[in-house]
Amino acid sequence: MFERAILKVAHYKVLGRGALSCVFRGRVGFLRTTVAIKRLDKEDKESSKAFCRELMIASSLHNPNIVPLVGFCIDPEEGLFLVYKYVSGGSLERYLHERKRGVKGGPSLPWSVRYKVAVGIGEAIGYLHNGTDRCVVHRDIKPSNILLSSNKTPKVCDFGLATWTPAPSIPFLCKTVKGTFGYLAPEYFQHGKVSDKTDVYAFGVVLLELISGRKPIEAKRGPGEENLVVWVCQCFNFDLIIFSSIKFLTVESVVPYCLTVKKSGSRYG
Ligand SMILES: Nc1ncnc2c1ncn2[C@@H]1O[C@H](COP(=O)(O)OP(=O)(O)O)[C@@H](O)[C@H]1O
Ligand SMILES: [Mg+2]
């Protein structure tokens, strides 16, 4: 738990803003350690559920490629807060896409760093699915939920949509589809089926973004190029892209292993 005083966030720098929350940079404790404070902005049932989900799941995770939760606060007056270790390098979204829009963003990433980032995200997802007591599906893997440390180690954040599943590869049905358009696996988008494959598909889209520098959906592109996955399939005359299971990842194998492409007939999974 954190003392109430630090949660007076009005004077803190805003690091990011989402649909349900706002993330601030603040300082805590005797050593004035820099942290990221995520404040839930809405007071409805959905926000409280997202807060509890994120608190329970994030506090159970310990991996070098996942942003550690360092505390929380439930205050009747100030609201609901999650406190994370601060990751100084900004989000992968900023590196991949913000520069092009002319917004102040990071420099472009060299290939060696893109590879390192791909491996790190794969390691994090492998850990979520197979490295803990219960399989965790993140459900919102995308560049804005991947932060880069000062030495460009990727750290997955934002467990607001995460959920535990009975076991990897056993799908369950959800009534409402949540997540981000462009990263939603077809069986999730069309039938509400969630499983570890939901993250594997989104990871595949992030790999394509890392390789191509394009966003998953870009309305201003020419006909046939608006959707990154469809465009890549067309470019190489492939019917489907196969994103293999990432159960046994090794640093050397992750990119070729996860992004193997097949001519026809098979499903990703
Ligand atoms: N630990 C952190 N360190 C630095 N920046 C962070 C941290 N956590 C979040 N951010 C910034 O805040 C943004 C939103 O955080 P996120 O947890 O994804 O919240 P939301 O649920 O609102 O999307 C991120 O894209 C990132 O830019
Ligand atoms: Mg987010």
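So here's what we get for this one:
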read-out	value
Filtered residue count, the range 154-193, keeping only those that are within 21 Å of Leu228 (Cβ to Cβ), more than 13 Å from ligand 2 (Cβ to nearest atom) and of a type outside the set (Asp, Glu)	10
Some residue of the range 177-189 being surrounded by fewer than 15 Cβ atoms within 10 Å (Cβ to Cβ), out of contact with any His (no Cβ under 8 Å at 6 or more places or on another chain) and of a type in the set (Asp, Glu)	no
Number of the exception - Gly105 against (1) at pLDDT 95 or above; (2) of a type outside the set (Lys, Arg); (3) part of a loop (DSSP other than H, G, I, E, B)	(1)
Enumerated strands (runs of 3 or more DSSP E) restricted to the range 132-240, each holding at least 3 residues that are among the aromatic types (Phe, Trp, Tyr)	none
Any chance Pro110 is farther than 24 Å from Asp199 by Cβ, modelled with pLDDT of 90 or more and more than 16 Å from ligand 2 (Cβ to nearest atom)	yes
Scope the range 162-184; condition closer than 23 Å to Val232 by Cβ and touching a residue at least 40 places away in the same chain (Cβ under 8 Å); matching residues	Gly179, Thr180, Gly182, Tyr183
Test: residue in the range 165-172 that is more than 16 Å from ligand 1 (Cβ to nearest atom), surrounded by 15 or more Cβ atoms within 10 Å (Cβ to Cβ) and within 23 Å of Tyr86 (Cα to Cα)	no
Residue among Val14, Val83, Val35 that is without any contact (Cβ under 8 Å) to a residue 40 or more places away in the chain, within 12 Å of ligand 1 (Cβ to nearest atom) and among the β-branched types (Val, Ile, Thr)	Val14
Members of the range 149-163 found to be hydroxyl-bearing (Ser, Thr, Tyr) and out of contact with any Lys or Arg (no Cβ under 8 Å at 6 or more places or on another chain), listed by number	Ser150
Residue selected from the range 128-163 under the condition within 13 Å of ligand 1 (Cβ to nearest atom) and among the basic types (Lys, Arg), by the criterion nearest to the chain's Cα centre (by Cα)	Lys142
Scope the range 66-94; condition within 15 Å of Val14 (Cβ to Cβ), surrounded by fewer than 21 Cβ atoms within 10 Å (Cβ to Cβ) and in contact with a strand residue (DSSP E or B) (Cβ under 7 Å, 6 or more places away or on another chain); matching residues	Tyr86, Gly90
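The values are calculated or read from the model by the stated rules, or taken from the named source; none is laboratory data. Small disclaimer: the values here were computed from a predicted structure and weren't measured. Here Cβ is always computed from backbone atoms with ideal geometry, including for glycine, and neighbour counts include all displayed protein chains.
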